[in-house]
Amino acid sequence: MVNFWQEKTLSEMSPEEWESLCDGCARCCLIKLEDIDDGQVHYTSVVCQYLDNERCQCSDYSNRNTLVPTCIHLTADSIPTWLPTTCAYRLVDEGKNLQWWHPLVSGSPDSVHEADISVRGKVIPETFVHPEELEEKIIRWVEL
Ligand code: SF4
Ligand code: SF4
């Protein structure tokens with residue numbers, strides 16, 4: 001059986017298929033710092049204040065772009081290179097398959113947490129961190 005993410009491009013997916021492609025890792029909700037010298041993006045262990053850390057989901061998904069103007073709005077034509085290498089949108093865009101822990105493959109929304117891919121339980125809300133301390137929070141567990 002060929003799965004939709006293997007036979008369709010991102011732009012060919014239905015809205016339902018597109019939404020289901022998100023693995024729920026919330027890595028894209030981590031606060032990132034860009035090195036002004038080389039443009040490299042560094043992830044921190046600090047997360048957007050709107051992430052419900054227990055559910056590992058945005059607490060106000062439908063209003064996210066109003067609440068946080070910098071919140072990513074992915075489209076088939078704009079898959080940023082700073083997304084983690086594990087991101088399903090990036091994988092499909094690069095012609096790669098999804099990993100075993102992706103809920104569409106495993107059949108369970110918990111596998112992304114069990115595989116230690118999601119940010120659940122590992123992050124600090126941005127409201128608890130002074131902006132000047134962000135650099136100290138740079139992490140290595142999200143690969144670019
Ligand atoms: S990094 Fe990609 S797969 Fe993970 S939550 Fe963000 S959009 Fe979804
Ligand atoms: S507004 Fe929601 S989706 Fe956007 S970064 Fe914050 S938690 Fe993530």
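The values are calculated or read from the model by the stated rules, or taken from the named source; none is laboratory data. Computed from a predicted model, the values in this text were never measured in an experiment. Every residue, glycine among them, receives a Cβ derived from its backbone with ideal geometry; neighbour counts consider all protein chains shown. These accessible areas exclude ligands, DNA and RNA; they are computed on the full protein's heavy atoms, side chains included. Shrake-Rupley method; radii C 1.70, N 1.55, O 1.52, S 1.80 Å.
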Practice prompt. Please find, within the stretch 50-63, the residue that is most open to solvent (accessible area, probe 1.4 Å) out of those that are more than 9 Å from ligand 2 (Cβ to nearest atom) and closer than 18 Å to residue 110 by Cα.
Written response: 54
Item to complete: Answer yes if at least one residue in the stretch 93-116 is assigned to a loop (DSSP other than H, G, I, E, B) and among the aliphatic types (A, V, I, L, M), and no otherwise.
Response: yes
Worksheet entry | Options 66, 44, 85, 70; residue that is β-branched (Val, Ile, Thr), more than 12 Å from ligand 1 (Cβ to nearest atom), open to solvent by 40 Å² or more (accessible area, probe 1.4 Å) and under 15 Å from the mean Cα position of the chain (by Cα) | 70
Worksheet item: What are the residues in the stretch 5-41 that are away from ligand 1 (no atom under 16 Å from the Cβ) and either basic (Lys, Arg) or under 22 Å from residue 110 (Cβ atoms) (or both), if any?
Response: 8
Worksheet item: Given the residues 51, 30, which is the only one that is out of contact with any helix residue (DSSP H, G or I) (no Cβ under 7 Å at 6 or more places or on another chain) and over 30 Å from residue 2 (Cβ atoms)?
Response: 30
